[in-house]
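The values are calculated or read from the model by the stated rules, or taken from the named source; none is laboratory data. Bear in mind the structure is a predicted one, so any value in this text is a computation, not a measurement. So basically every Cβ, Gly included, is an ideal-geometry build from the backbone, and we count neighbours across all protein chains shown. To get the accessible areas, we keep the full protein, side chains included, count just its heavy atoms, and leave off ligands, DNA and RNA. Shrake-Rupley method; radii C 1.70, N 1.55, O 1.52, S 1.80 Å.
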Amino acid sequence: MGAGAATRLAIDGGTPIRATFLPYAHQVISDDDVAAVGEALRSDWLTTGPRVPAFEGLLSEATGARHAVAFSSGTAALHGAAVAAGLGPGDEAITTPMTFVATANALLYAGATPRFADVTPDDLLISPDAVAAAITPRTRAVVAVDYAGHPADYDALRRIADAAPGGRATLIADAAHSLGAARGGRAVGTLADMTVLSLHPAKIMTTGEGGAVLTDRDDLATALRRFRNHGISTELADRRDWTYAMVELGYNYRLTDIAAALGSSQIRRLGEFLERRRALATRYMDRLAAHHAVDVPSIADDADPAWHFFFVRLRLDRLSVDRGMVFRALRAENIGVNVHYIPVHTHPYYRQRQPGVSMPIAEAAYERLLTLPLHAGMSDADVDDVLRALDKVAEAYLVAS
C-alpha cells in the first residue's frame with residue numbers, strides 16, 4: 001500500500017495523532033520531591049552538608065555497592081572515574097562509539113587516548129571480541145556503556161581486562177542508562193571496578209543535574225572523594241579546625257545538598273520508576289515484535305534492563321524515505337522521537353584527531369536508529385499514541401509491493 005492510500009500525514013497538512021507534544025524523556029516530580037527540596041533550602045546547609053552523605057548511603061543500599069560518591073554531573077563522575085583509574089598521558093582506554101560524547105571526552109580530560117571498539121549488532125553493546133582485538137600494552141581501562149539500560153557483558157569484559165598485556169586494566173561501567181538493572185543476577189553497581197551513574201532529568205531518577213560513582217574498593221572511593229573536592233584530603237565534616245591539605249589537583253565537582261535532597265526523595269520511588277519503564281517497554285516489544293517497518297532491541301537471557309529509552313531500527317529497505325524523513329514525520333505527529341547516538345568517532349573533533357577510524361556495525365546501526373518516547377510518567381495511552389503514529393507514518397512511506 002502506498003502513500004495515496006494512507007491517512008494524510010501531519011507533515012503534509014493532516015491532523016496530528018496527538019494534540020500535545022510527547023517528549024522522549026521527562027522527569028517525574030512529586031509533591032514529596034518538592035517538599036524535600038524546600039526543606040533543604042530552609043536548612044543551614046545548601047552544600048557540603050549532611051544530605052549528600054545521606055543520599056550516598058541510599059545509593060549504596062539501592063545498588064549493593066560498598067561506596068557511592070556523588071558528583072555534580074554524570075560527566076564529572078566519568079572524569080573522576082578516569083582519574084581514579086590512574087589514566088594519564090600515554091595511556092589508552094577502550095570504549096564504545098555508541099554513546100554520548102562525554103564517555104570518550106572524560107578519557108581525554110584525564111590525558112588518556114580513547115580507542116574505540118565496535119558494538120555487537122543485536123544489542124549495540126560494546127563487543128568483547130572487538131575489545132580483545134583493540135587491547136594493546138598501553139591499555140589501562142575498558143569503559144563499557146549500558147546502552148539504553150541494558151548491562152554490557154561484564155563477565156567477558158572482566159576476563160579481557162584482567163589479561164591486558166600491560167597489566168590488569170580497570171573495568172569501568174558507564175551506567176548512565178542502567179541504574180536498577182541487573183545481569184546474571186547481579187545488580188548494576190557491582191559488575192565493574194567503578195560504575196558511573198547520571199542523575200540528569202532524562203535518566204531513571206534525577207537530582208536535577210548530578211552523577212555518582214559506585215565502587216566496592218576503598219582506595220578508589222577515597223581517590224574519588226578527593227578529586228571532586230579540589231584534591232583536598234579531608235571532607236569538611238571531618239575537620240576540627242581551619243586547616244586542610246590539598247594533596248593533588250582536583251576540581252569542584254561536589255553535588256549540592258539541594259540536589260541530594262531531591263535524589264533522596266526520588267530514590268525511594270526507584271522501584272516504581274523501574275516497574276513502569278519495564279511495563280512500557282514490554283508494551284512496545286509486544287506490539288512491535290512483528291512490525292513490518294522496524295526491528296526491536298535484543299535482550300540477553302540473563303539481563304534485566306532498566307530501559308532508559310526504547311530504540312528501534314527502521315527497516316529502510318521497506319520504506320521509500322530515509323530515517324530523517326521518518327523522524328520529521330513523527331515529530332509532526334507530536335511524537336518526540338530522537339536518535340541515540342551519533343557514533344562518537346564520527347564527530348568532527350574525533351575525525352580530526354583519529355582519522356580513518358571505522359566502526360562499521362555502529363555506523364550502519366546509526367543510519368536506522370530511532371528512539372521512541374519512554375519515561376515513568378507515560379501512560380499506556382501515550383505508548384498507544386506512539387504506536388499509532390508509527391503505523392501511520394510507516395504505512396504512508398511503505399514501498400509498494
| query | Here is a list of conditions, (1) surrounded by fewer than 21 Cβ atoms within 10 Å (Cβ to Cβ); (2) under 30 Å from Leu280 (Cβ atoms), and Gly88 meets all of them except one; can you say which number that is? | reply | (2)
| request: Please work out which residue is nearest to Asp218 (Cα to Cα), limiting yourself to segment 56-79 and to residues that are among the polar types (S, T, N, Q) and assigned to a helix (DSSP H, G or I). | output: Ser60
| Qualifying residues in segment 168-183 (those that are farther than 20 Å from Leu58 by Cα and either at pLDDT below 95 or within 20 Å of the chain's Cα centre (by Cα) (or both)) - the one most open to solvent (accessible area, probe 1.4 Å) | Arg183
| query | Among all residue pairs at least 6 apart or on different chains, which show Cβ distances below 7 Å where the first residue, located in segment 254-271, is basic (Lys, Arg) and the second is in a strand (DSSP E or B)? | reply | Arg254/Thr47; Arg254/Asn229
| request: Hey, can you tell me all the residues within segment 366-386 that are among the hydrophobic types (A, V, I, L, M, F, W, C) and open to solvent by less than 10 Å² (accessible area, probe 1.4 Å)? | output: Leu369, Leu370, Leu372, Leu374, Met378, Val383, Val386
| remark: The number of residues in segment 193-206 that are open to solvent by 10 Å² or more (accessible area, probe 1.4 Å) and over 21 Å from Pro373 (Cα atoms) is 1
| Any idea which of (1) buried (at least 19 other Cβ atoms within 10 Å of the Cβ); (2) in contact with a Lys or Arg (Cβ under 7 Å, 6 or more places away or on another chain) is the one Glu235 doesn't satisfy? | (1)
| query | Quick one: which of Ile29, Ile17, Ile11 is crowded, with 23+ Cβ neighbours inside 10 Å and more than 22 Å from Thr215 (Cβ to Cβ)? | reply | Ile17
| Restricting attention to segment 118-137, and to residues there that are of a type in the set (S, T, N, Q) and touching a strand residue (DSSP E or B) at 6+ places or on another chain (Cβ under 7 Å), which single residue is farthest from Pro297 (Cα to Cα)? | Thr136
| Name the residues in segment 313-346 that are crowded, with 19+ Cβ neighbours inside 10 Å, closer than 15 Å to Glu363 by Cα, in contact (Cβ under 8 Å) with a residue 60 or more places away in the chain and not aliphatic (A, V, I, L, M), would you? | His340, Tyr341, Pro343, His345
| task | Just one of (1) buried (at least 22 other Cβ atoms within 10 Å of the Cβ); (2) part of a loop (DSSP other than H, G, I, E, B) trips up Ala260, so point out which. | result | (2)
| field | In segment 275-308, residue most open to solvent (accessible area, probe 1.4 Å) [restricted to those that are out of contact with any Asp or Glu (no Cβ under 9 Å at 6 or more places or on another chain) and closer than 20 Å to Thr63 by Cα] | value | Glu275
| message | If the requirement is being under 15 Å from the mean Cα position of the chain (by Cα) and farther than 14 Å from Ala175 by Cα, which of these qualifies: Pro128, Pro121, Pro97? | response | Pro97
| field | Ala148 within 21 Å of Asp91 (Cβ to Cβ) and either surrounded by fewer than 23 Cβ atoms within 10 Å (Cβ to Cβ) or touching a residue at least 24 places away in the same chain (Cβ under 8 Å) (or both) | value | no
| Complete set of residues in segment 283-300 that are within 21 Å of the chain's Cα centre (by Cα) and either within 19 Å of His26 (Cα to Cα) or assigned to a loop (DSSP other than H, G, I, E, B) (or both) | Tyr284, Val296, Pro297, Ser298, Ile299, Ala300
